[in-house]
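Here the structure comes first, spelled out in structure tokens, and everything after it is commentary.
The values are calculated or read from the model by the stated rules, or taken from the named source; none is laboratory data. Predicted model only: the values in this text are computed from it and were never measured. Because the Cβ atoms are built from the backbone with ideal geometry, glycine has one as well, and the counts that use them run over all protein chains shown. Calculation scope for accessible area: heavy atoms of the full protein, side chains included, ligands and nucleic acids excluded. Shrake-Rupley method; radii C 1.70, N 1.55, O 1.52, S 1.80 Å.
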Amino acid sequence: IPGAWRIWINGELRGSAGRIGKTRRATKPQYLIEFFEITPVDSRIEIVIEYANFHDYRASITQSPTLSSRRPFEISFFYNNFFLMLINGAFLFLFVYFMILYILDRSYKENLYFALFVFCLLFRQIIMGQEMMSIVMHPVPWRLKFAIWHIMIPMQLLTFNNFIHSLFPRESRPEVGRVLFWFAMIYAVFCLVTPASIFARTLSIPQAV
């Protein structure tokens, strides 16, 4: 989530991410999902959240804070993360498997391109898209993670097109690969040099392509 936040529970600062400011320049966002256990000492609980989001073009709280009792939360957390970790494990297995096939016989380039395609899917999921990994990847600057998350979409297009072209060189046109290559390179440079609030608006372009 492109934002910076701090949370107080009953007057005690329990967690924070990034640096909160009143302007874009003073704010430093960071992507982090955290969970806090609340032990009530009386019938009232005071929760105060300070939030700043100048870097996403929607400029709002992307995901509102959620309150839940322990048991429903544990069930939801387990199933959500189990499903995502299962998908990530499948991506990792496919990447390693096809890379081994390519190393054993380098004449089959389709194995390399399919391994890279799966790696793009896996890397995009790891960098920004999973609750547990958000804590592991927290030290990486948010601006870099957000840019890579966008760049991986045209890289998926490029690697998958190369995979198809390696399998069917006569039926596929090399011009498509060249167009996708330059599109991926230009979009990567665009995401790396422009502010996040600008390149975040262009996410629909690589998705449409």
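Quick look at the values:
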| item | result |
| --- | --- |
| Over the chain: helical MRE at 222 nm, DSSP H runs n ≥ 4 each giving -39500 (n - 2.57), nearest 500 | -18500 deg cm²/dmol |
| Estimated FRET transfer efficiency (Asn81, His138; beta-carbon r; R0 22 Å; 0.05) | 0.85 |
| Tilt relative to the chain, helix 70-104 - C-alpha long axis, 0 to 90 degrees, to 10 | 20 degrees |
| Carbon plus sulfur fraction of accessible area for the chain, probe 1.4 Å, in percent | 64 percent |
| Packing-based ranking, highest mean first, of 166-176, 16-26, 39-49 given that Cβ atoms within 10 Å are counted | 16-26, 166-176, 39-49 |
| Virtual spin-label span in nm between Ile100 and Val176, 7 Å along Cα→Cβ | 3.1 nm |
| Acute angle (nearest 10 degrees) that the helix 142-167 long axis makes with the longest principal axis of the chain, alpha-carbon atoms | 30 degrees |
| Per residue value of the accessible surface for the chain (all protein chains in place, 1.4 Å probe), Å² | 63 Å² |
| Restricting the range 103-154 to chymotrypsin sites (Phe, Trp or Tyr not before Pro) in coil, as DSSP defines it, with at most 15 other Cβ within 10 Å | Tyr108 |
| Overall dimensions of the range 131-176 as given by Cα atoms, namely Rg and Dmax in Å | 16.2, 46 |
| Sequence ranges 28-37, 96-105, 68-77, ranked by mean other-Cβ count within 10 angstrom, highest first | 28-37, 96-105, 68-77 |
| Semi-axes of the equivalent ellipsoid for the range 34-170, Cα gyration tensor, largest first, Å | 40, 19, 11 |
| Cβ charges +1 (Lys, Arg) and -1 (Asp, Glu), total dipole of the chain, debye | 660 debye |
| Scattering profile of the range 123-209 at q = 0.15, 0.24 Å⁻¹ [log10 I(q)/I(0), Debye over alpha-carbon scatterers] | -0.62, -1.13 |
